[in-house]
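Shown next, in structure tokens, is the structure this report addresses.
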Amino acid sequence: MRGCPPAAVLVLCGLCWAANAEIFTSIGQMTDLIYTEKELVQSLKEYIRAEESKLAAVKSWAKKLDVLTRASTSDPEGFLAHPVNAYKLMKRLNTEWSELESLVLQDPSDGFISNISAHRQYFPDEEDEKGAAKALMRLQDTYQLDSESFAKGNLHAGVRYNAELTVDDCFDMGKTAYNEVDYYHSVLWMQQALKQMDAGEEAVVSKADVLDYLSYSVYQMGDLPRAIELTRRLVAIDPGHQRAGGNLRYFEKLLSAELTEKDQSQQEPMSEQPITLGTYKRPRDYLPERETYEALCRGEGVKMTIKRQSRMFCRYQDRNRNPRLLLKPMLEEDEWDSPHIVRYLNALSDEEIEKIKELAKPRLARATVRDPKTGVLTVANYRVSKSAWLEGEEDPVIDRVNQRIEDVTGLSVATAELLQVANYGVGGQYEPHFDFSRKDEPDAFKSLGTGNRVATFLNYMSDVEAGGATVFPDFGAAIWPRKGTAVFWYNLFRSGEGDYRTRHAACPVLVGSKWVSNKWIHERGQEFRRPCGPSEVD
């Protein structure tokens, strides 16, 4: 009887006591056993119902995840290319699998527990879930997507994806923003949770909790009339709410003071329009060119005029009859005139791309940036990707790619940095930055002893369904990833001075998986290949 729950154990103990007291000798006493047995059966039924309920919940989970994992494992990278799928993976493994574990632990299943325990070390943690949520908000801002579009899977060009956010997902998004003191996004996502709730969608979270977070976030955005209206709705739902009554009196007092100051007797009627992206202004942040940068990511504000386009050409590049390019010259296209940016077609074959990815995957680690004040490499929220560095000696493919870069650019790669391979995750990006070191950070590449980064060679190793462009905010260029192609530009003028126009960014990936490889070419070794000059011209 080891499987009996506590209630059943108590009844059995009573039954044992009665037996030991020779109850069988008396029918009168034995009739008591009828009721004892009835209670035992009832307890057993409750135990069975609890087990069946638990098993049904586990079966439902297994069925849902079986369908999901069949879809996800058939094309893992394509599945995770959708940011909602990536976020929900973080959430499932950080939160929901733990809930399932607790459910199973009610009656321990050794096989399941040992299995989940063995894999737990590889699960994403709370920071991963938070990071994925913030990535969705970043995509929302950059591509001007309202919360409803995200929740319904409508991300771009009218295409609807089979990935939706529930009320609880939206609430968790809003709560993440709230805990980060980001009331702007908290409002957007709590409003979406409330909207889906009002439409009849069931949820674990209560409407009172949603209204609690939403009303205070709206207050923090400076909208007192709406905060009061939402708080009144909260009080109507939950009159005994511990904060709602106090908040309501406080908000009404503030509004009364505002009206008195404006010499108004009453507030104008509150807008009935739902809260959307344009209802409140997004707070400004540390990036001065934020609006220009994000517009370019959306394909807006690109300054490729008809006149400039007329100066763009394509050509076969053999780099002064380089023997390796004579039989198979590289097709070179102009992407921009000044600074001169070119794109090389067929820079990498599919086989080379797959080999590079195969070599890089086991080594991928969070990409770092150099702190301009300390010179120390560190992670930063404005660079969201993982990268690995590959040496030419470890595989003929890497050696061949390095040689090809040298041949087509005419620059020596003997002093260049190793080939850096980067893969961008959910909402992956690298905000506007310079590849070269500026005058205020003269020691950035001192340890290399090869001078500054004179040029950048960027291989695109995947197509990106939406987002992920390389943009140059200073002169309004946007270069879109095309698998197998590469772009090249100089970071320094011939005088050795940095070309500040080359400040560029990798836009957040909206849909897709972006793989690139970079080769940063340094000054040393280029003395006779790109002679210096006194003027700052390309």
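The values are calculated or read from the model by the stated rules, or taken from the named source; none is laboratory data. Please read all numbers here as calculations on a predicted model, not as lab measurements. Quick reminder, even Gly has a Cβ in these numbers, built from the backbone with ideal geometry, and neighbours come from all protein chains shown. Heads up: the accessible areas ignore ligands, DNA and RNA and are worked out on the full protein's heavy atoms, side chains in. Shrake-Rupley method; radii C 1.70, N 1.55, O 1.52, S 1.80 Å.
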Where L448 falls short, out of the listed (1) surrounded by fewer than 20 Cβ atoms within 10 Å (Cβ to Cβ); (2) under 30 Å from A133 (Cα atoms):
(2)
Kindly indicate whether A347 is under 18 Å from L458 (Cβ atoms), touching a residue at least 40 places away in the same chain (Cβ under 8 Å) and in a loop (DSSP other than H, G, I, E, B).
yes
With A388, A380, A367 as the choices, which residue is in contact (Cβ under 8 Å) with a residue 40 or more places away in the chain and small (G, A, S)?
A367
Filtering segment 447-465 for residues that are more than 16 Å from K357 (Cβ to Cβ) and not in a strand (DSSP E or B) leaves a count of 7
Taking segment 422-446 and keeping residues part of a strand (DSSP E or B), of a type outside the set (F, W, Y) and under 10 Å from S385 (Cβ atoms) leaves A422, N423, Q429
Could you check segment 369-381 and list, in sequence order, the residues that are in a loop (DSSP other than H, G, I, E, B), open to solvent by 70 Å² or more (accessible area, probe 1.4 Å) and closer than 28 Å to G512 by Cβ?
V379, N381
Please find, within segment 327-353, the residue that is farthest from S517 (Cα to Cα) out of those that are under 32 Å from the mean Cα position of the chain (by Cα) and of a type in the set (G, A, S).
S349
The residue that is surrounded by the fewest Cβ atoms within 10 Å (Cβ to Cβ), considering only those in segment 493-508 that are touching a Ser or Thr at 6+ places or on another chain (Cβ under 9 Å) and of a type in the set (G, A, S), is S495
Condition (residue is over 18 Å from G410 (Cβ atoms) and either free of Cβ contacts under 8 Å to residues at least 12 places away in the same chain or open to solvent by 60 Å² or more (accessible area, probe 1.4 Å) (or both)) applied to segment 509-527: is it met by at least one residue?
no
Just wondering, is there one or more residues in segment 307-317 that are over 22 Å from P481 (Cα atoms), more than 36 Å from the chain's Cα centre (by Cα) and small (G, A, S)?
yes
Reported set for segment 323-344 where residues are under 13 Å from T485 (Cβ atoms), without any contact (Cβ under 8 Å) to a residue 60 or more places away in the chain and either part of a loop (DSSP other than H, G, I, E, B) or of a type in the set (A, V, I, L, M) (or both) is L331
Within segment 146-172, which residues are aliphatic (A, V, I, L, M), in contact (Cβ under 8 Å) with a residue 60 or more places away in the chain and closer than 20 Å to M90 by Cβ?
L155, A163, L165
In segment 411-440, what count of residues is obtained for those that are open to solvent by 30 Å² or more (accessible area, probe 1.4 Å) and hydroxyl-bearing (S, T, Y)?
2
Conditions (1) modelled with pLDDT under 70; (2) part of a helix (DSSP H, G or I); (3) open to solvent by 70 Å² or more (accessible area, probe 1.4 Å); (4) not charged (D, E, K, R): number failed by P108
(2)
Of all residues in segment 294-322, which are part of a helix (DSSP H, G or I), over 30 Å from Y430 (Cβ atoms) and either β-branched (V, I, T) or modelled with pLDDT of 95 or more (or both)?
I306
Tell me, which residue of segment 227-241 that is under 33 Å from the mean Cα position of the chain (by Cα) and not β-branched (V, I, T) is surrounded by the most Cβ atoms within 10 Å (Cβ to Cβ)?
L230
Tell me whether segment 91-98 contains one or more residues that are within 23 Å of K514 (Cα to Cα), at pLDDT 85 or above and open to solvent by less than 70 Å² (accessible area, probe 1.4 Å).
yes
For segment 495-534, which strands (runs of 3 or more DSSP E) that fit wholly inside it have 3 or more residues that are of a type outside the set (D, E, K, R) and in contact with a helix residue (DSSP H, G or I) (Cβ under 9 Å, 6 or more places away or on another chain)?
509-511, 514-522
Give me the pairs, please: first residue somewhere in segment 490-507 and within 24 Å of A295 (Cβ to Cβ), second residue anywhere and of a type in the set (D, E) and not in a loop (DSSP other than H, G, I, E, B), beta-carbon distance under 9 Å, and either six or more positions apart or on two chains.
A505/E431; A506/E431; C507/E294
Picked from segment 394-421 (must be in a loop (DSSP other than H, G, I, E, B) and polar (S, T, N, Q)), the residue farthest from R530 (Cα to Cα) is T415
Give the residue, chosen from D399, D395, D443, D407, that is of a type in the set (D, E, K, R), buried (at least 17 other Cβ atoms within 10 Å of the Cβ) and either more than 30 Å from E291 (Cβ to Cβ) or at pLDDT below 95 (or both).
D407
With respect to L103, is the statement that it is closer than 19 Å to V426 by Cα and not β-branched (V, I, T) true?
no
